[in-house]
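Accompanying notes for the structure given below.
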Amino acid sequence: MARISRRAIQHSVRSTIGGSVSALENAIAYETGCLIPYAKEKGEDFQSVDELVRVDRGGLTYQPVAGLHFDVHLADFKAMFPAIMARLNISGETVNCPCCHDNDVPGLKLRICKKRRGIVSLASEVIVEKRFGYKRLKREAESEELRQIYDARDAASKWMGVAIFGFAAHTSALFGLISAHAAVCAYAREFIVRAKEEARRAGFQVLHIITDCLFLHKENAADEELEELVEKIEQVTGLPIALEDHFRWAAFLNSHTDPLRAVPNQYFAASKDGGTRIRGIASRRHDTPAWIANAEVELIETLAEAETPEEMVALLPELMGIVTRELDRLRSGQVPLHQLTIASSLSKLPSEYKVNNLNAAVARQFEKHGIELHPGERIRYVVMDHEAEVDSDRAVPWDLLGDGQDGYDVAFYEERFLRMVETLFAPLRITSEMLRDKLTNMLPMPVMQQQIAAQTTPYLGPLFANLA
């Protein structure tokens, strides 16, 4: 990042990624003979409410086809937003220039200059070329050590690309402009729609779209068909796209509050190479206890072994065995407290909380110990008794937990655990009522682990016979 931004390392490590982007833009302005303004000069043009609604829309996201889908291909535009800025010359000083009147942004009353390159566009080009170069070097690397180095540099280039797009709308961006940011989003929406139409013309079902990637399905699609589709999409968009993954199956989830509506950013999938992809569910959330996150990952990795619906049904006894094992550990007090900590960010000062939630109870305890907290700070705590009236009985901050202190609210953590299991099992058409009924009937309260193991099999037999 220091090399890309032309700065000394000691300066790069002390600033945000936006500072590196700003340094890169200033360096390019200096190299091209462009005067660098002391402060941002160009402000946002006046827009009516109707224009704001049309302009301020961000990227395009579809509601997925909820449920479990087998043989799914993921096509992903590479560095989509910085590539658009580089290829289409989008920068603060190139939007609505006085010299060009025929290069309109799709769906917006904006124009992009075709005669002179913008500073942000040139900076984006540097980042995009770096990233694609490191991707090529990764493929050609002869040793694992080199591959890891290039992978790290590829990741740094990726986040520089993400930052230069976001920084374009920042109030401190000398060469940025909110209209340029809106123009990039407009082109992104246009190109993803073109990609979708090409996929449909080629006979693929578009299961989901998230900003710069498409989840596609076609029965027994040949490699030649997929390569041809990628070439066509690159032709109609002018942007690089690649088949990033081939999933054995992908599960898109319904909303908990509205079962008829699918959630765009929550899914999990199993790759053909044995890996998994998890987005938006418990193990990806910062406030999920490690015990629940680890169990979720184990369940998904077990499911990933299945390639057909029949194989999934055959795995259900093993999955339920994991569930019953973890519930027994919880109920018998065997889960370590550090795996039950909940991390959360304070939204306000402790004295400003009006609802007596867990965050408020923990923040007040810190305050009593003379520890000053501010909005945005993260706290960690263990729930002892969620229904208790005294703060220290409800939840204890991890930093204030005594050496001999133990115990936790079994019912509270069990409920969160079961909600996670219900989320994973929903695409398998196992309802929460079915799951909770079976678990309640077949799992007694804390008993010896050997007894649970002996009792599990006869109870599970009828359940999975019915499911199959």
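Miscellaneous remarks
- Criterion applied to Val49, Val65 was being without any contact (Cβ under 8 Å) to a residue 12 or more places away in the chain and of a type outside the set (D, E, K, R), and the one residue passing it is Val49.
- Some residue of the range 348-356 being touching a helix residue (DSSP H, G or I) at 6+ places or on another chain (Cβ under 7 Å) and charged (D, E, K, R): no
- Pairs with Cβ under 7 Å, 6+ apart, first in the range 406-430 and within 26 Å of Phe70 (Cα to Cα) and outside the structural domain of Pro64 (by TED's automatic domain parsing), second surrounded by fewer than 21 Cβ atoms within 10 Å (Cβ to Cβ) and of a type in the set (S, T, N, Q): Glu422/Ser432; Ala426/Asn254
Each row is one residue, and each column tells you yes or no for (1) of a type in the set (Val, Ile, Thr); (2) assigned to a strand (DSSP E or B); (3) modelled with pLDDT under 90; (4) within 30 Å of Asp56 (Cα to Cα).
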residue: Tyr187; (1), (2), (3), (4): no, no, no, yes
residue: Val193; (1), (2), (3), (4): yes, no, no, yes
residue: Arg200; (1), (2), (3), (4): no, no, no, yes
residue: His208; (1), (2), (3), (4): no, yes, no, yes
residue: Leu216; (1), (2), (3), (4): no, yes, no, yes
residue: Ala250; (1), (2), (3), (4): no, yes, no, no
residue: Asp258; (1), (2), (3), (4): no, no, yes, yes
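- Qualifying residues in the range 357-387 (those that are within 22 Å of Glu414 (Cα to Cα) and polar (S, T, N, Q)) - the one surrounded by the most Cβ atoms within 10 Å (Cβ to Cβ): Asn359
- Positions within the range 362-396 being under 30 Å from the mean Cα position of the chain (by Cα) and under 13 Å from Leu346 (Cα atoms), in sequence order: Val362, Ala363, Leu373, His374, Pro375, Gly376, Glu377, Arg378, Ile379, Arg380, Tyr381
- Of the residues making up the range 14-37, those that are part of a loop (DSSP other than H, G, I, E, B), over 18 Å from Phe167 (Cβ atoms) and free of Cβ contacts under 8 Å to residues at least 60 places away in the same chain are Gly33, Leu35.
- Per this entry, Asp76 is not counted among residues that are free of Cβ contacts under 8 Å to residues at least 60 places away in the same chain, of a type in the set (D, E, K, R) and closer than 18 Å to Arg194 by Cβ.
- Those helices (runs of 4 or more DSSP H) lying entirely in the range 305-398 with at least 3 residues among the charged types (D, E, K, R), under 23 Å from Arg436 (Cβ atoms) and in the same structural domain as Lys438 (by TED's automatic domain parsing): 309-331
- Filter result for Asp45 (surrounded by fewer than 19 Cβ atoms within 10 Å (Cβ to Cβ), on the phi < 0 side of the Ramachandran plot and in a strand (DSSP E or B)): no
- Residues that are assigned to a loop (DSSP other than H, G, I, E, B) and either loosely packed, with under 11 Cβ neighbours inside 10 Å or in contact with a Lys or Arg (Cβ under 9 Å, 6 or more places away or on another chain) (or both), drawn from the range 48-65: Ser48, Arg57, Gly58, Gly59, Leu60, Tyr62, Gln63
- Selection status of Ile119, surrounded by 23 or more Cβ atoms within 10 Å (Cβ to Cβ) and out of contact with any Leu (no Cβ under 6 Å at 6 or more places or on another chain): yes
- Residue count for the range 399-441 under the criterion of being among the acidic types (Asp, Glu), in contact with a helix residue (DSSP H, G or I) (Cβ under 9 Å, 6 or more places away or on another chain), surrounded by fewer than 17 Cβ atoms within 10 Å (Cβ to Cβ) and not in a helix (DSSP H, G or I): the result is 1.
- Candidate set: the range 272-292, residues that are surrounded by fewer than 18 Cβ atoms within 10 Å (Cβ to Cβ) and among the small types (Gly, Ala, Ser); chosen: the one nearest to Ala343 (Cα to Cα): Ala290
- Within the range 129-139, none of the residues are over 22 Å from Leu243 (Cα atoms) and either modelled with pLDDT under 90 or touching a Leu at 6+ places or on another chain (Cβ under 9 Å) (or both).
- Filter pass, Ala295 being more than 22 Å from Ser392 (Cα to Cα), in a helix (DSSP H, G or I) and more than 29 Å from the chain's Cα centre (by Cα): no
- Candidate set from the range 66-105 (those that are of a type in the set (D, E, K, R) and part of a loop (DSSP other than H, G, I, E, B)); member that is surrounded by the most Cβ atoms within 10 Å (Cβ to Cβ): Lys78
- If you go through the range 233-255 and keep only what is in contact (Cβ under 8 Å) with a residue 24 or more places away in the chain, surrounded by fewer than 15 Cβ atoms within 10 Å (Cβ to Cβ) and farther than 16 Å from Ala199 by Cβ, you end up with just Gly238.
- Taking the criterion of being outside any helix (DSSP H, G or I) and touching a residue at least 24 places away in the same chain (Cβ under 8 Å), the only residue of the range 221-232 that qualifies is Ala221.
The values are calculated or read from the model by the stated rules, or taken from the named source; none is laboratory data. Note that this is a predicted model, so its numbers are computed, not measured. Ideal geometry is used to build each Cβ from the backbone, glycine not excepted, and the neighbour counts take in all protein chains shown.
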